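Worksheet: the structure to be examined is printed underneath.
The values are calculated or read from the model by the stated rules, or taken from the named source; none is laboratory data. Since the model is a prediction, treat every value here as computed from it, not as a measurement. Every residue, glycine among them, receives a Cβ derived from its backbone with ideal geometry; neighbour counts consider all protein chains shown. Ligands, DNA and RNA are excluded from the accessible area calculation, which covers all protein heavy atoms including side chains. Shrake-Rupley method; radii C 1.70, N 1.55, O 1.52, S 1.80 Å.
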Amino acid sequence: MGRYRPERTAVNNDQCVVVGGGIAGLCAARVLADYAERVVLVEKDPLPDEPVLRRGVPQMAQPHALLEAGREVLEELFPGFCEDVLSSGGLMIDGASDMEYFAAGGLLAQGPNQHPMYCASRALFEGVVRRRVATLDNVACRPERRLVEVDLDDGAVCGVRIAGPDGQTEALEADVVVDATGRTSKTPAWLEENGYERPPVDELSVEVTYTTTVIDRPRDCRRLVFVPPAPPRTRGGVAIPIEDGQWHLAVQGMYGDDAPTDAESVRAFAESLPTGELGRLGADAWEDRDLTHYPFPSSIRRRYEDLERRPDGLVVVGDALASINPLYGQGMSIAALEALALHHVLAEGDNVSGRYFETVRSILDPMWETATANDLAYDRADGTNSLGTNLFNRYVGRLLRKAHDDGTLTDAYIRVLLLKEQPTSLLRPSVVRRVLFSR
Ligand SMILES: Cc1cc2nc3c(=O)[nH]c(=O)nc-3n(C[C@H](O)[C@H](O)[C@H](O)COP(=O)(O)OP(=O)(O)OC[C@H]3O[C@@H](n4cnc5c(N)ncnc54)[C@H](O)[C@@H]3O)c2cc1C
């Protein structure tokens, strides 16, 4: 997708409304600010200046990795974003030398190239983006306001009604309404109530659970340890360095192998992981701490692009559009890429809604396919992979085994993991040669 070029977008719209002040809503507000005289961002939670855990984003206390594709777009939308993350307490690590990634029975060898990764809590990432949006003159944030209804006029959205804490409702006019309300979006039901079809839904049960705590990290230690569940192993864990000299430490289960919720069982779960490293890091960590548990039942993709009819001016972003197994760490990056797609659509003329949903299809297809190809490889998955995908999975398994000793292969894999390259990049002749023929 082309880069963000705000000068391409002419202001030709009075007011747009974004509902939801998570990462997706904030990014959408940024690009709409180039297009409308005024953008109103409606959020049901309070929106303080500082990073905070918010009730409306229950996954906020869980570890969040920001992948390179997302970082790159956030830096374009908010120049200086990475500096802001650092000055707010986040840190930059090298995905090659600081990340210990366990896959296919061993740790991957260190690759030859550096991969800068910005690490912080989800609350900090969002806080940084929120502060930047708050500096935009034509964006008005309306915290503690909840969406009541989207209004329609002659087949197009024309505004929203919102309610404040006292229950008083208020009408806002809008030519574009962005639903950024997250996974529990009510837009499908609203479409049906208004005589439209609901979008078709792709859903794959994954039964992912996280149990997470925060532990102190030794001074100057920047290690990121990741032992993702991988078929047939249904359990994994991660330690991500975050602000305030801490790690987010989590155990993760899939398909019924639930991450436990009491300290003793969590410790045993972590110790059962293949590297033992997360067990060691968490040896004294789980007792007497707040453990936050998060269940994620299924990956969901709502296919608005397949609707024959939908109201003009309706846009859906972030988890409201696709909420994919969080183990792959794609959500914030998808939200940022969708905002970039919206920017290009706004710059190119009318029929915003139709062109937007068509454009994001090409963002979501590879994300969805990569995630589900892995999840469908579990016996308990409700479905099977095609022969081609099974062959590709076996090829990647072999690549990872070779990468225990071959850092060049680690490098190729990390690029895909961080969304710098498409999975098909692993089929380049230089990579295939090393996977199939090197000793
Ligand atoms: C356990 C877990 C781990 C994850 N790990 C990662 C990771 O490592 N990397 C990554 O990139 N992503 C990760 N994700 C995904 C990531 O959290 C989201 O995809 C991403 O933040 C985009 O969210 P969003 O803005 O679409 O929705 P949300 O963050 O859910 O925000 C929705 C907002 O809408 C507001 N809202 C809802 N209804 C209304 C209403 N009626 N009126 C007004 N406001 C409303 C809510 O209060 C909220 O602020 C993870 C998710 C989970 C569950």
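Need one value: the accessible area of Glu271 in square angstrom, 1.4 angstrom probe, rounded to the nearest 10.
Near enough 100 Å² of accessible area.
Would you compute the Debye intensity of the stretch 306-350 from its alpha-carbon atoms alone, equal scatterers and no solvent, and pass along log10 I(q)/I(0) at q = 0.15, 0.24, 0.26 Å⁻¹ to two decimals?
-0.48, -0.94, -1.01
Report, to the nearest 10°, how far helix 407-417 tilts away from the longest principal axis of the Cα atoms in the chain, using its own Cα long axis and a range of 0 to 90°.
30 degrees
For a paramagnetic label modelled at 7 Å from the Cα of Val11 toward its Cβ, which residues of the stretch 173-208 fall within the zone defined by backbone nitrogen distances under 19 Å?
It comes to 173-177, nothing else.
Give me the mean projected area, in nm² to one decimal, of the convex hull enclosing the Cα positions of the stretch 50-165. The partial results should precede the final answer.
Details: hull surface 45.6 nm².
Result: a mean projected hull area of 11.4 nm².
Could you give the size of the charge dipole of the stretch 1-152 about its Cα centre, using +1 on the Cβ of each K and R and -1 on the Cβ of each D and E, expressed in debye and rounded to the nearest 20?
Working: 16 positive and 22 negative charges, 68 e Å.
It comes to approximately 320 debye.
Of the options Ala33, Leu346, Leu77, report the single residue whose Cα projects farthest towards the positive end of the charge dipole of the chain (beta-carbon charges: Lys, Arg +1; Asp, Glu -1).
Checked the options; the winner is Leu77.
Quick one: angle between helix 331-347 and the longest Cα principal axis of the chain, in degrees between 0 and 90, rounded to 10, please.
On a 0 to 90 degree scale, this one is about 40.
For the stretch 93-176, which GluC sites (Glu not before Pro) are in a loop by DSSP, counting at most 16 other Cβ atoms within 10 Å?
In loop regions of the stretch 93-176 (DSSP not H, G, I, E or B), the sparsely surrounded GluC sites (Glu not before Pro) are Glu144.
Computed over the Cα atoms, what is the radius of gyration of the stretch 279-360 divided by 2.2 N^0.38 Å, N being its residue count? Write out the running numbers ahead of the final one.
Values: Rg = 18.5 Å, N = 82, 2.2 N^0.38 = 11.7 Å.
Dividing the Cα Rg of the stretch 279-360 by 2.2 N^0.38 Å gives 1.58.
For Arg303, what accessible area in Å² do you get when you roll a 1.4 Å probe over the heavy atoms of the protein chains, rounding to the nearest 10?
Looks like 40 Å² after rounding.
Note the angle between two axes, namely the Cα long axis of helix 387-402 and the longest principal axis of the Cα atoms of the chain, as a number of degrees from 0 to 90, rounded to the nearest 10.
It is inclined by approximately 50 degrees.
Please calculate the 1.4 Å probe accessible area of Thr275, with all protein chains present, and give it to the nearest 10 Å².
Approximately 30 Å² of Thr275 is accessible to the 1.4 Å probe.
Using a basic spin-label model with each label point 7 Å from the Cα along Cα→Cβ, how many nm lie between Glu358 and Glu287?
Modelled inter-label distance: 6.3 nm.
Hull surface divided by four, with the convex hull built on the Cα atoms of the chain: how many nm²?
On the way: hull surface 85.3 nm².
Projected over every direction and averaged, the Cα hull of the chain covers 21.3 nm².
Among Asp179, Asp258, Asp49, determine the one that fluctuates most according to a GNM of the chain built with springs between C-alpha atoms less than 10 Å apart.
Of Asp179, Asp258, Asp49, the most mobile in the Gaussian network model is Asp49.
Report the equivalent ellipsoid semi-axes for the stretch 206-297 in whole Å, largest first, defined as the square roots of five times the eigenvalues of the gyration tensor built from alpha carbon atoms.
21, 14, 12
Let me test this: with uniform point scatterers at the alpha carbons of the stretch 125-260, what is the Debye-based log₁₀ I(q)/I(0) at q = 0.12, 0.13, 0.15 1/Å?
For the stretch 125-260, the Cα-only Debye profile gives -0.84, -0.91, -1.00.
Using a 1.4 angstrom probe with every protein chain in place, what is the largest-first accessible-area order of Lys420, Lys186, Lys402?
From most accessible down to least: Lys186, Lys420, Lys402.
For the stretch 1-102, what number results from the quotient of the Cα radius of gyration and 2.2 N^0.38 Å?
Taking N as the residue count of the stretch 1-102, the ratio is 1.27.
Kindly sort Glu192, Glu197 by accessible area of their heavy atoms, largest first, with the probe set to 1.4 Å. Before the final figure, lay out each step's value.
Details: Glu192 105, Glu197 135 Å².
Correct descending sequence by accessible area is Glu197, Glu192.
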